[in-house]
1. Which one is surrounded by the most Cβ atoms within 10 Å (Cβ to Cβ), of the residues in the range 79-132 that are assigned to a helix (DSSP H, G or I) and without any contact (Cβ under 8 Å) to a residue 24 or more places away in the chain?
2. All but one of (1) more than 16 Å from ligand 2 (Cβ to nearest atom); (2) on the phi < 0 side of the Ramachandran plot hold for residue 41; state the number of the condition that does not hold.
3. Only residues in the range 168-180 that are closer than 8 Å to residue 143 by Cβ and polar (S, T, N, Q) count as the first member; pair them with residues that are within 14 Å of ligand 2 (Cβ to nearest atom) and part of a loop (DSSP other than H, G, I, E, B), Cβ under 8 angstrom, at least 6 apart or cross-chain, and list the lot.
4. Can you name the residue in the range 187-246 that is in a strand (DSSP E or B) and either more than 28 Å from residue 3 (Cα to Cα) or not acidic (Asp, Glu) (or both) and, of all such residues, is farthest from the chain's Cα centre (by Cα)?
5. Residue by residue through the range 133-159, note down the ones that are surrounded by 18 or more Cβ atoms within 10 Å (Cβ to Cβ) and in a loop (DSSP other than H, G, I, E, B).
6. Could you grab the pairs with beta carbons closer than 6 Å, sequence gap of 6+ or different chains, first residue in the range 200-213 and within 15 Å of residue 143 (Cβ to Cβ), second one crowded, with 17+ Cβ neighbours inside 10 Å and among the aliphatic types (A, V, I, L, M)?
7. Restricting the search to the range 13-42, which residues are in contact (Cβ under 8 Å) with a residue 40 or more places away in the chain and surrounded by fewer than 24 Cβ atoms within 10 Å (Cβ to Cβ)?
Amino acid sequence: MGVKLITESIRSVGVWVGLPINVWIVAEQDGITLVDTGMSFMSKGIIKAIQRMDAGPLKRILLTHGHADHVGGLQNILRVYDVPVYMHAAEIPYAEGQLAYPDKDKAHVHVEKGILQPLPLASGKNKELDVHGSLIPYWTPGHSPGHVVYFHRGENALLAGDLFNGKRGKLIPPRFTPDPELAMRSAFGIVRELDPERIEVCHGSTVYRPAGKMDDLEAEIRQARELEAKLKARKEAKAKAKRSKA
Ligand SMILES: [Zn+2]
Ligand SMILES: [Zn+2]
């Protein structure tokens, strides 16, 4: 398990299991905020990193979404720290197994009922989420219905969960995403709006100044999709020609 200094008050705790899995610990005035909990075998290392950070006790857990690689360590960590756990209200029924995730046939209980609390809405503002410690949550659906990213305004860092994946130091669209169009709209929108100094993703490494890379990435994705559509159309035309010959 590797602990990395991200900014003055943010550290990442990560493992490599064929792909990286990162969570983030953030020093706050009142203690520590943990963003995501990784797989269950990561919990010991996460707890150790929280203790070694020497910034007070864990105060709260914020989750980007309910996939197993983001909530797996939750139970073990809650056994040591009895703290509130927040997730977007739209994600909770999927994480608790009342609804099947849009790309799955069956619902699965990823988090037992009674643990998750909905991220509170900011008072008076239309659907905006309330600030937690130094982090501002933003709803970014697509990869999952209630996916959320957390922006550390003071240190200009975006903790982005599965908003993107990383590949050889570059951002790519996230895998296992039932609504890729919506996911990319969410991703391009929030990165351009916030223009962070750095983006941290769960499965990838740091990318600096991501807003400047969005145009190229958007063009790349569009080209790949057009090519895919062309190949599909060609295949279908061939099959049709074959059928009419027979
Ligand atoms: Zn995910
Ligand atoms: Zn993930």
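Just so you know, all these numbers are worked out from the coordinates, no wet-lab data involved. Keep in mind the model is a prediction, meaning the values are calculated, not measured. Quick reminder, even Gly has a Cβ in these numbers, built from the backbone with ideal geometry, and neighbours come from all protein chains shown.
1. So in the range 79-132, the residues assigned to a helix (DSSP H, G or I) come out as 79-80, 92-95.
Going one step further and asking which of them are without any contact (Cβ under 8 Å) to a residue 24 or more places away in the chain, we end up with 79, 93.
Working: 79: 10, 93: 16.
Filtering first and then ranking leaves 93.
2. The number of the failed condition is (1).
3. Every condition considered, the pairs that remain are 177/103; 177/142; 177/143; 177/162.
4. As a first pass, look at the range 187-246 and keep what is in a strand (DSSP E or B): 198-200, 207-208.
Checking which are either more than 28 Å from residue 3 (Cα to Cα) or not acidic (Asp, Glu) (or both) leaves us with 198-199, 207-208.
Details: 198: 15, 199: 11, 207: 15, 208: 17 Å.
Residue satisfying both the conditions and the ranking: 208.
5. Within the range 133-159, 133, 134, 140, 141, 142, 143, 144, 145, 146, 147 qualify.
6. As it stands, the answer is 201/160, since those pairs meet every condition given.
7. If we filter the range 13-42 for residues that are in contact (Cβ under 8 Å) with a residue 40 or more places away in the chain, which is where we start, we get 19-24, 26, 28-30, 33-37, 42.
19, 20, 21, 28, 29, 30 - these are the residues of the range 13-42 that are in contact (Cβ under 8 Å) with a residue 40 or more places away in the chain and surrounded by fewer than 24 Cβ atoms within 10 Å (Cβ to Cβ).
So that you can scan it fast, the table gives a plain yes or no per residue for (1) among the small types (Gly, Ala, Ser); (2) surrounded by 16 or more Cβ atoms within 10 Å (Cβ to Cβ); (3) in contact with a helix residue (DSSP H, G or I) (Cβ under 6 Å, 6 or more places away or on another chain); (4) over 19 Å from residue 64 (Cα atoms):
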position: 161; (1), (2), (3), (4): yes, yes, no, no
position: 178; (1), (2), (3), (4): no, no, no, no
position: 189; (1), (2), (3), (4): yes, no, no, no
position: 202; (1), (2), (3), (4): no, yes, no, no
position: 209; (1), (2), (3), (4): no, no, no, yes
position: 214; (1), (2), (3), (4): no, yes, yes, yes
position: 220; (1), (2), (3), (4): no, no, no, yes
position: 223; (1), (2), (3), (4): no, no, no, yes
position: 243; (1), (2), (3), (4): no, no, no, yes
